[in-house]
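Let me begin by presenting the structure, written as structure tokens, before commenting on it.
The values are calculated or read from the model by the stated rules, or taken from the named source; none is laboratory data. Not measured: the values here are computed from a predicted model. We place every Cβ from the backbone using ideal geometry, glycine too, and count neighbours over all the protein chains shown.
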Amino acid sequence: MQKLLLAIDKVSTFVGQTFAWFIVALTLMISWEVFSRYVLDAPHPWAFDVMIMMYGTVFMMAGAYTLSKNGHVRGDVLYGFFPPRLQAGLDLTLYILFFIPGVVALAWAGYHFAGESWAINEHSNVTADGPPVYPFKTILPLAGAFLLVQGVVEIIRCVICLRQGYWPTRIEDVEEVDVDKLKEMVQVKDEDIAKLDVYVDGAKGSAK
């Protein structure tokens, strides 16, 4: 079971990291559009629509990836003090009551939105010659499907934690800097930092 959970985590990670390259493309596109508009005096009316759709695509396709890393926003002020079984019970309840119905609604509605958009060859009406919208609307059910599969994985993790009393492992990924871990890596103790502070203060006093 653990191998299956980690395999789905890898798929979510791959999808999230792949679509993250849209950020690079979006940055280059914005830079070119600014240069074209203000230096060459040749703006592109469709650029704003494309930028919005690219950002929306990144946002939606990162959902399953973020969930696989347990990175979505939560009330950690209290949650972090709960024992694992209480955390798992709370998560399981919220997944069943809110997450699953919401994501199923997203995927189902997105499927119909995308189908209608393809049927009428929908284009953006913000500008006279707007870009096609149907590829972007196709992302809605796709993102919903990935998020739903990852949500099932998280539900299984909650059940496992309720049974064994601790959370199963996840795939390691880039995280924010953890000061305590950084101290362990460079083998620096709080006493050493305190001595360094005293030394720096003494040096400043001598300089005065």
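Quick look at the values:
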{"read-out": "Scope region 31-65; condition in contact (Cβ under 8 Å) with a residue 40 or more places away in the chain and under 16 Å from D129 (Cβ atoms); matching residues", "value": "P45, W46, F48, D49, V50, M53"}
{"read-out": "Filtered residues of region 115-132 (kept if among the aliphatic types (A, V, I, L, M) and over 19 Å from P43 (Cα atoms))", "value": "A119, I120"}
{"read-out": "Yes/no for I155 being farther than 20 Å from F14 by Cα, at pLDDT 95 or above and of a type in the set (V, I, T)", "value": "yes"}
{"read-out": "Helices (runs of 4 or more DSSP H) completely within region 35-149 that count 1 or more residues being over 20 Å from the mean Cα position of the chain (by Cα)", "value": "47-61, 76-79, 84-94, 100-119"}
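Conditions (1) of a type in the set (D, E); (2) more than 19 Å from G151 (Cα to Cα), marked per residue:
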residue: F14; (1), (2): no, no
residue: Q17; (1), (2): no, no
residue: E33; (1), (2): yes, yes
residue: F48; (1), (2): no, yes
residue: I52; (1), (2): no, yes
residue: F59; (1), (2): no, no
residue: G75; (1), (2): no, no
residue: P84; (1), (2): no, no
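Let's see how each residue does on (1) crowded, with 18+ Cβ neighbours inside 10 Å; (2) in contact (Cβ under 8 Å) with a residue 12 or more places away in the chain:
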| position | (1), (2) |
| --- | --- |
| L67 | yes, yes |
| V73 | no, no |
| L90 | no, no |
| F98 | no, no |
| G110 | yes, yes |
| V126 | no, yes |
| Y134 | no, yes |
